[in-house]
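Here's the structure, in structure tokens; my notes come after.
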Amino acid sequence: MPSPPLAPIDSPLDLDHLSRMTLGDAELEQEVLTMFGEQAGRLLAAMAARPAEAGALAHKLKGSAHGIGAFAVADAAASLESAIRTGHGRSHAFAALKEAVTEARAAIAAILKP
């Protein structure tokens, strides 16, 4: 799997990474973005409803986010995993994850709008 870019990107999504992961198939990119946006929303809701499962759900979101190039979401999910393990800063980490997901979903909506 390719590594994330060394320089920060301006968008919540690394579209070059997404293109590489979907082999340049624009239709597949749209399908993957749609699925990620829906999944991210469901996982956040599940984390809020079932705090005992939040670590596993954050891990799942982290993997999905890496796959599409939503590296800020992946980093925020990793931070939440860490906060859960250590018992420190969980609410702050969850808030940061929600913000990162909101930004990624807004970028996805802008890309997918007709």
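Results for (1) polar (S, T, N, Q); (2) closer than 15 Å to SER11 by Cα; (3) touching a residue at least 12 places away in the same chain (Cβ under 8 Å); (4) in a loop (DSSP other than H, G, I, E, B), shown as yes or no for each residue.
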{"residue": "GLU31", "(1), (2), (3), (4)": "no, no, no, no"}
{"residue": "ASP75", "(1), (2), (3), (4)": "no, yes, yes, no"}
{"residue": "SER91", "(1), (2), (3), (4)": "yes, no, no, no"}
{"residue": "ALA95", "(1), (2), (3), (4)": "no, no, no, no"}
{"residue": "GLU99", "(1), (2), (3), (4)": "no, yes, yes, no"}
{"residue": "ALA109", "(1), (2), (3), (4)": "no, yes, yes, no"}
{"residue": "PRO114", "(1), (2), (3), (4)": "no, no, no, yes"}
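Residue pairs, Cβ under 7 Å, 6 or more apart or interchain, first in the range 10-23 and outside any helix (DSSP H, G or I), second of a type in the set (D, E, K, R) and surrounded by fewer than 18 Cβ atoms within 10 Å (Cβ to Cβ). List them. Hits for this filter: PRO12/GLU103.
Per-residue answers, yes or no, for (1) closer than 20 Å to LEU13 by Cβ; (2) in contact (Cβ under 8 Å) with a residue 12 or more places away in the chain; (3) touching a helix residue (DSSP H, G or I) at 6+ places or on another chain (Cβ under 7 Å); (4) surrounded by fewer than 21 Cβ atoms within 10 Å (Cβ to Cβ):
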| site | (1), (2), (3), (4) |
| --- | --- |
| GLN39 | yes, yes, yes, yes |
| ARG50 | no, no, no, yes |
| LEU61 | yes, yes, yes, no |
| SER64 | yes, yes, yes, yes |
| GLY67 | yes, yes, yes, yes |
| ALA78 | yes, yes, yes, yes |
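Identify all residues within the range 101-114 that are out of contact with any Pro (no Cβ under 7 Å at 6 or more places or on another chain) and surrounded by 17 or more Cβ atoms within 10 Å (Cβ to Cβ); write none if there are none. Of everything in the range 101-114, those that are out of contact with any Pro (no Cβ under 7 Å at 6 or more places or on another chain) and surrounded by 17 or more Cβ atoms within 10 Å (Cβ to Cβ) turn out to be VAL101, ARG105, ILE108.
Restricting to the range 50-73, count the residues that are of a type outside the set (A, V, I, L, M), part of a helix (DSSP H, G or I) and under 17 Å from ALA107 (Cα atoms). Before the answer, list the steps.
Initially, the range 50-73 is screened for residues of a type outside the set (A, V, I, L, M), giving 50-51, 53, 55, 59-60, 62-64, 66-67, 69, 71.
Subset that is part of a helix (DSSP H, G or I): 51, 53, 55, 59-60, 62-64, 66-67, 71.
Applying the additional criterion that residues be under 17 Å from ALA107 (Cα atoms) yields 64, 66-67, 71.
Summing the residues that are of a type outside the set (A, V, I, L, M), part of a helix (DSSP H, G or I) and under 17 Å from ALA107 (Cα atoms) in the range 50-73 gives 4.
Here, each number is a calculation from the coordinates, and none is a lab measurement. The structure presented is a predicted model; accordingly, all values stated were derived computationally and were not measured. Please note: Cβ atoms are built from the backbone with ideal geometry, for glycine as well, and neighbour counts cover all protein chains shown.
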